[in-house]
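Q: Structure incoming, see below.
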Amino acid sequence: MSRLALVTGGVRGIGAAIARALRADGHRVAVTYHGNEAAAESFRKETGIPAYKWDVADYDACLKGVAGVVSDFGAPVEILVNNAGITRDCMFHKMSPEQWRTVIDTDLVSSFNMTRMVIGQMRDAGFGRVIGISSINAQKGQAGQVNYCAAKAGMIGFTKALALETASRGITVNAVAPGYIATDMVSAVPPEVMAKIVAQIPVGRLGHAEEIAGLVRYLASDAASFVTGATFAANGGQYLG
């Protein structure tokens, strides 16, 4: 069945792979982005998927943006993927309030902002899929990423609690915690650093964005109606907690 899916941070990397996978399953798909106009334009031309610009850390922008998507498609959002995220890495004793707030707002508060916009219609319809993209570092921690780890761990708590609230209404809420994935950001790491990263991954390689998209694809499907409140690790065996 074709549904309307909205993927935040969807013009590059994992988000773009998710958007393509959901469209391949027959869903109508829209994505959001915030700053990279060139990436957004390239994504639009390559896929034909509409890309909407707004800041998911801004509640009012989300209110207006989601309303615009719903109006353009003439349908409510039934699948929401909270993928948007940033890093502002810094050792904690040097971390500024801005570095803390910017990451918390973009990586965690955005999950509230976006989900709040669609949850009412999902409840009314008796169907919904909310999927958050967390991180291996939410589970194991990482020096220099207190802000990022806190935000991504918060997504896991958000997932568990909201799943309990919505299970009886046909809405599932799940999270995926990727390990190191071969995105542009990770691939830009110096070769000597990359070698150390790969050495810590039992399968001996970086993950692929399409592998994360495959998990999201399942969680968005009707076949996953009995799966809720779960966090799926996809890290090549790097962390098994």
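Q: Given the condition of a type in the set (Lys, Arg), crowded, with 17+ Cβ neighbours inside 10 Å and assigned to a strand (DSSP E or B), answer yes or no: does some residue in the range 116-138 qualify?
A: Among the residues of the range 116-138, at least one is of a type in the set (Lys, Arg), crowded, with 17+ Cβ neighbours inside 10 Å and assigned to a strand (DSSP E or B), which makes the answer yes.
Q: Take the range 76-113 and flag every residue that is free of Cβ contacts under 8 Å to residues at least 40 places away in the same chain and either of a type in the set (A, V, I, L, M, F, W, C) or part of a loop (DSSP other than H, G, I, E, B) (or both).
A: Hits for the range 76-113 are ILE86, SER96.
Q: Conditions: (1) surrounded by 17 or more Cβ atoms within 10 Å (Cβ to Cβ); (2) in contact with a strand residue (DSSP E or B) (Cβ under 6 Å, 6 or more places away or on another chain); (3) among the hydrophobic types (A, V, I, L, M, F, W, C). ALA230 meets all but one. Number of the miss?
A: Checking ALA230 against (1) surrounded by 17 or more Cβ atoms within 10 Å (Cβ to Cβ); (2) in contact with a strand residue (DSSP E or B) (Cβ under 6 Å, 6 or more places away or on another chain); (3) among the hydrophobic types (A, V, I, L, M, F, W, C), the one that fails is (1).
Q: When the residues of the range 196-215 are filtered to those that are assigned to a helix (DSSP H, G or I) and of a type in the set (Gly, Ala, Ser), which remaining residue is surrounded by the fewest Cβ atoms within 10 Å (Cβ to Cβ)?
A: Here the residue is ALA199.
Q: How many residues does the range 139-170 contain that are closer than 21 Å to ASP222 by Cβ, aliphatic (A, V, I, L, M) and not in a helix (DSSP H, G or I)?
A: The qualifying residues number 0.
Q: To continue, here is another question. Under 6 Å between Cβ atoms, at least 6 apart or on separate chains: pull out the pairs that start in the range 200-229 with a residue that is of a type in the set (Val, Ile, Thr) and end on any residue that is surrounded by fewer than 17 Cβ atoms within 10 Å (Cβ to Cβ) and assigned to a helix (DSSP H, G or I).
A: THR228/ALA167
Q: Return the only residue of THR183, THR159, THR166 being among the hydroxyl-bearing types (Ser, Thr, Tyr), within 16 Å of the chain's Cα centre (by Cα) and modelled with pLDDT of 95 or more.
A: Exactly one of THR183, THR159, THR166 is among the hydroxyl-bearing types (Ser, Thr, Tyr), within 16 Å of the chain's Cα centre (by Cα) and modelled with pLDDT of 95 or more, namely THR159.
Q: Here's a follow-up. Which count do you get for residues in the range 31-49 that are part of a loop (DSSP other than H, G, I, E, B), loosely packed, with under 14 Cβ neighbours inside 10 Å and either among the hydroxyl-bearing types (Ser, Thr, Tyr) or on the phi < 0 side of the Ramachandran plot (or both)?
A: 1
Q: Oh, and also: State yes or no: is THR87 among the polar types (S, T, N, Q), over 30 Å from GLY126 (Cα atoms) and crowded, with 18+ Cβ neighbours inside 10 Å?
A: yes
Q: Does the range 65-84 contain any residue that is over 20 Å from ALA19 (Cβ atoms) and either among the aromatic types (Phe, Trp, Tyr) or surrounded by 14 or more Cβ atoms within 10 Å (Cβ to Cβ) (or both)?
A: no
Q: Here's another thing I want to ask about it. Name every residue in the range 1-16 that is surrounded by fewer than 23 Cβ atoms within 10 Å (Cβ to Cβ), touching a His at 6+ places or on another chain (Cβ under 9 Å), outside any strand (DSSP E or B) and at pLDDT 95 or above, in order of residue number.
A: ARG3
Q: Here's something else I'd like to know. Condition first: modelled with pLDDT of 95 or more, among the hydroxyl-bearing types (Ser, Thr, Tyr) and part of a helix (DSSP H, G or I). Can you find one or more residues in the range 171-180 that meet it?
A: No, the conditions are met nowhere in the range 171-180.
Residues checked against (1) touching a Gly at 6+ places or on another chain (Cβ under 7 Å); (2) of a type outside the set (Gly, Ala, Ser); (3) in contact (Cβ under 8 Å) with a residue 24 or more places away in the chain:
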{"site": "ARG3", "(1), (2), (3)": "no, yes, yes"}
{"site": "ILE14", "(1), (2), (3)": "no, yes, yes"}
{"site": "ARG23", "(1), (2), (3)": "no, yes, yes"}
{"site": "ALA30", "(1), (2), (3)": "no, no, yes"}
{"site": "GLU41", "(1), (2), (3)": "no, yes, no"}
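Q: Looking for something over 23 Å from SER110 (Cα atoms) and surrounded by 20 or more Cβ atoms within 10 Å (Cβ to Cβ) - is there at least one such residue anywhere in the range 155-171?
A: No, that holds for no residue.
Q: Follow-up. Residue by residue through the range 221-241, note down the ones that are part of a loop (DSSP other than H, G, I, E, B), in contact with a Ser or Thr (Cβ under 9 Å, 6 or more places away or on another chain) and aliphatic (A, V, I, L, M).
A: Those that are part of a loop (DSSP other than H, G, I, E, B), in contact with a Ser or Thr (Cβ under 9 Å, 6 or more places away or on another chain) and aliphatic (A, V, I, L, M): VAL227, ALA230.
The values are calculated or read from the model by the stated rules, or taken from the named source; none is laboratory data. Computed from a predicted structure; not experimentally measured. Backbone-built Cβ (ideal geometry, glycine too); neighbour counts: all protein chains shown.
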